[in-house]
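In what follows, a structure is listed as structure tokens, so that the remarks can point back to it.
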Amino acid sequence: MLAARALAEFVDRVVVVERDELPAGPEPRKGLPQARHAHMLWSGGVRAMEELLPGVTGALRDAGARRLPVTTDMVALGARGWFRRWPESHHVILAGRDLLDATIRARVLADERIELVGGAEAVGLEGTSAAVTGVRVRGLLDGRERVVEAGMVVDATGRGSGAARWLTALGLPEVDRREVDSGLAYASRLYLAPEQARDGFPVVNVQPDPRDAGPGRAGFLLPIEHGRWIVTLNGTRGGEPSTSNDDFVRYAREELRHPVIGELLEYAEPLSDVSFTRTTVNRRHFYERMPAWPENFAVLGDALAAFNPVYGHGLAVGAQSAVILRDAIRRQGWASPGLSRRIQKAAARPVGAAWDLAIGQDVFYPGATENGPTLRDRLVAAYVGRLMYTATGNGRIARQVTDVTSLERGAEVLLAPSVLLAAAVGPLKPALRQPPLTADELKRAGLHG
């Protein structure tokens, strides 16, 4: 939808090919990625969405989405300890994926230049290795194929993208790709928060410590619309959460590094069964490295790079890539030779930042890659680990780390001399012994410290 909005600025007609028959409002649908699990839209992604759809943040909040200041309303246990709740420097938007999807979709499809073809899938490209001229589309009910001719084809089909084989079918070489599979399994459940905790409650996040032997286990509780909490528990190979409703709270209490999420859930009302998924592989296609690239074709979003959803970067990267698409056309002009290649190279920037953040931890779990972590992986992880430790007790470093994790700035800011010095010194404040929930928050959640 965001890619369609980006293109609509320059053309009279944009056709969106969608497998699902889309509902009118925020209702479940089969093709919505990770829809029953927790989602977080970092401020870097919020800014990109606002560029494409001015006022969309207000529309989301009017529909019930929450805006939480970071790190002010974030209670997080990192690998090296609890983070303090510093004054706001960034923010996140929290909502159920159905609500986020429906709100953006309604605003995009209100544009008369954008046409939706539902119940259909793209099955191949038309054209040559030099230029794409359209896409072959097949109806899911009747199986009939037709060609939609186009001056530009954008693949935003997600993790199931066929772009790699479509390009080889045109005579182009195979693309380099890398996969890092931590073996992470996700179990999520929706709760109604205790009445007094339905407004203004923070995110609660318990992360694994990669230095521990054995599987990594984590959990996070996100306050979303209508006074609800969505809670996701996850574990890598050998430490996966159960699919059983009866085991959900036990896992949160006993398997995570701190029982706070399980304690909070004791006073909340479950609204759904447990939803379970193993679709968490990090997969990146290095299309920007291809020796040749056809005109009139671009790959964005999860079709380009799909991340372990535990880090919350997929939505933000997709939004930033759509802005890159728009800006490249603005600068170069629609008919500029090499435009598609420039788009693909530019889209690699936010992808690369999120990729390093995602695999920086995942690559160390047993079986994540065939050959284990590279020397670069080890060096990056060691430095990031030191920065995260420093951020537990240094507000300036916490803000600069969040510049990167929010995707507002690139990782190069973490290599500034002042940051390197701070990392060498370490945290300026002593470690916290307990989660930094206030007495009022504990009371409203049914806990009394």
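Out of all the residues in region 301-312, which are part of a loop (DSSP other than H, G, I, E, B) and open to solvent by 10 Å² or more (accessible area, probe 1.4 Å)?
To start, the set of residues in region 301-312 that are part of a loop (DSSP other than H, G, I, E, B) comprises 304, 307-308, 312.
Result: Phe307, Gly312.
Pick out, from region 56-118, the strands (runs of 3 or more DSSP E) lying fully within it that include 1 or more residues that are under 19 Å from Val231 (Cα atoms) and touching a residue at least 12 places away in the same chain (Cβ under 8 Å). Write out each step before concluding.
Details: elements: 66-70, 74-78, 90-94, 114-118.
Those strands (runs of 3 or more DSSP E) span 66-70, 74-78, 90-94.
With respect to the conditions (1) open to solvent by 40 Å² or more (accessible area, probe 1.4 Å); (2) farther than 22 Å from Val299 by Cα; (3) among the small types (Gly, Ala, Ser), Gly31 lacks only one, and its number is (2). Listed conditions (1) in contact with a helix residue (DSSP H, G or I) (Cβ under 6 Å, 6 or more places away or on another chain); (2) within 26 Å of Gly96 (Cα to Cα); (3) not aromatic (Phe, Trp, Tyr) are all met by Val180, apart from (2).
The criterion of at least 2 residues that are over 26 Å from Ala431 (Cβ atoms) is met, among helices (runs of 4 or more DSSP H) falling completely within region 314-415, by 314-332, 339-362, 375-391. Condition first: without any contact (Cβ under 8 Å) to a residue 12 or more places away in the chain and either farther than 16 Å from Pro309 by Cα or touching a helix residue (DSSP H, G or I) at 6+ places or on another chain (Cβ under 8 Å) (or both). Can you find one or more residues in region 231-246 that meet it? Within region 231-246, one or more residues are without any contact (Cβ under 8 Å) to a residue 12 or more places away in the chain and either farther than 16 Å from Pro309 by Cα or touching a helix residue (DSSP H, G or I) at 6+ places or on another chain (Cβ under 8 Å) (or both). The set of residues from region 350-394 being charged (D, E, K, R) and either in contact with a strand residue (DSSP E or B) (Cβ under 8 Å, 6 or more places away or on another chain) or within 20 Å of Gly44 (Cα to Cα) (or both) comprises Asp356, Asp362. Taken together, the residues in region 158-182 that are under 22 Å from Arg342 (Cβ atoms) and β-branched (Val, Ile, Thr) amount to 1. Annotation for region 420-437: no member residue is open to solvent by less than 90 Å² (accessible area, probe 1.4 Å) and β-branched (Val, Ile, Thr). Residues that are in contact (Cβ under 8 Å) with a residue 60 or more places away in the chain and either within 15 Å of Leu264 (Cα to Cα) or acidic (Asp, Glu) (or both) within region 201-213 comprise Phe201, Pro202, Val203, Val204, Asn205, Val206, Asp209, listed in sequence order.
Would a scan of region 126-141 turn up a residue that is in contact with a helix residue (DSSP H, G or I) (Cβ under 6 Å, 6 or more places away or on another chain) and in contact (Cβ under 8 Å) with a residue 40 or more places away in the chain?
Residues of region 126-141 that are in contact with a helix residue (DSSP H, G or I) (Cβ under 6 Å, 6 or more places away or on another chain), as a first pass: none.
No, there is no match, as no residue in region 126-141 is in contact with a helix residue (DSSP H, G or I) (Cβ under 6 Å, 6 or more places away or on another chain) and in contact (Cβ under 8 Å) with a residue 40 or more places away in the chain.
Selection of region 193-228 for residues being touching a Pro at 6+ places or on another chain (Cβ under 6 Å) and of a type in the set (A, V, I, L, M, F, W, C) yields Phe201, Ala218.
State yes or no: is Glu408 open to solvent by 30 Å² or more (accessible area, probe 1.4 Å), without any contact (Cβ under 8 Å) to a residue 12 or more places away in the chain and within 23 Å of the chain's Cα centre (by Cα)?
So Glu408 fails the test.
Can you tell me which residue within region 287-300, out of those that are open to solvent by 20 Å² or more (accessible area, probe 1.4 Å) and not small (Gly, Ala, Ser), is nearest to Gly352 (Cα to Cα)?
At the first step, the residues of region 287-300 found to be open to solvent by 20 Å² or more (accessible area, probe 1.4 Å) are 288-289, 291-293, 295-296.
From the residues that got through so far, the ones that are not small (Gly, Ala, Ser) too are 288-289, 291, 293, 295-296.
Details: Glu288: 11, Arg289: 13, Pro291: 19, Trp293: 19, Glu295: 23, Asn296: 23 Å.
Within region 287-300, the match that is nearest to Gly352 (Cα to Cα) is Glu288.
For region 1-23, a residue qualifies if it is farther than 19 Å from Gly158 by Cα and either open to solvent by 20 Å² or more (accessible area, probe 1.4 Å) or acidic (Asp, Glu) (or both), and the qualifying residues are Glu9, Phe10, Val11, Asp12, Arg13, Pro23.
Which residue out of Arg146, Arg138 is surrounded by fewer than 18 Cβ atoms within 10 Å (Cβ to Cβ), under 13 Å from Glu18 (Cα atoms) and over 27 Å from the mean Cα position of the chain (by Cα)? Lay out the reasoning, then the answer.
Working: Arg146 fails: under 13 Å from Glu18 (Cα atoms).
Exactly one of Arg146, Arg138 is surrounded by fewer than 18 Cβ atoms within 10 Å (Cβ to Cβ), under 13 Å from Glu18 (Cα atoms) and over 27 Å from the mean Cα position of the chain (by Cα), namely Arg138.
Val70 fulfils the conditions (1) surrounded by fewer than 20 Cβ atoms within 10 Å (Cβ to Cβ); (2) under 27 Å from Thr438 (Cα atoms) except for a single criterion, (1).
Looking at this structure, is Glu263 in contact with a helix residue (DSSP H, G or I) (Cβ under 6 Å, 6 or more places away or on another chain) and part of a helix (DSSP H, G or I)?
Numbers: in contact with a helix residue (DSSP H, G or I) (Cβ under 6 Å, 6 or more places away or on another chain): no; part of a helix (DSSP H, G or I): yes.
When the stated conditions are applied, Glu263 does not pass them.
Would region 95-106 turn up any residue that is in contact with a helix residue (DSSP H, G or I) (Cβ under 9 Å, 6 or more places away or on another chain), surrounded by fewer than 17 Cβ atoms within 10 Å (Cβ to Cβ) and either at pLDDT 95 or above or among the hydrophobic types (A, V, I, L, M, F, W, C) (or both)? Yes, region 95-106 contains at least one residue that is in contact with a helix residue (DSSP H, G or I) (Cβ under 9 Å, 6 or more places away or on another chain), surrounded by fewer than 17 Cβ atoms within 10 Å (Cβ to Cβ) and either at pLDDT 95 or above or among the hydrophobic types (A, V, I, L, M, F, W, C) (or both).
Can Ser129 be described as closer than 30 Å to Tyr389 by Cα, of a type outside the set (Phe, Trp, Tyr) and either crowded, with 16+ Cβ neighbours inside 10 Å or over 24 Å from the mean Cα position of the chain (by Cα) (or both)? Can you show your working first?
Numbers: closer than 30 Å to Tyr389 by Cα: no; of a type outside the set (Phe, Trp, Tyr): yes; either crowded, with 16+ Cβ neighbours inside 10 Å or over 24 Å from the mean Cα position of the chain (by Cα) (or both): yes.
Taking the combined requirement at face value, the residue does not satisfy it.
Name every residue in region 357-377 that is under 11 Å from Pro210 (Cβ atoms) and more than 21 Å from the chain's Cα centre (by Cα), in order of residue number. Selection gives Pro373 alone.
The values are calculated or read from the model by the stated rules, or taken from the named source; none is laboratory data. Keep in mind it's a predicted model, so treat the numbers as computed, not measured. Neighbour counts are summed over all protein chains in view; Cβ atoms, including those assigned to glycine, are modelled from backbone coordinates with ideal geometry. The accessibility values were calculated without ligands, DNA or RNA, using every heavy atom of the protein model including side chains. Shrake-Rupley method; radii C 1.70, N 1.55, O 1.52, S 1.80 Å.
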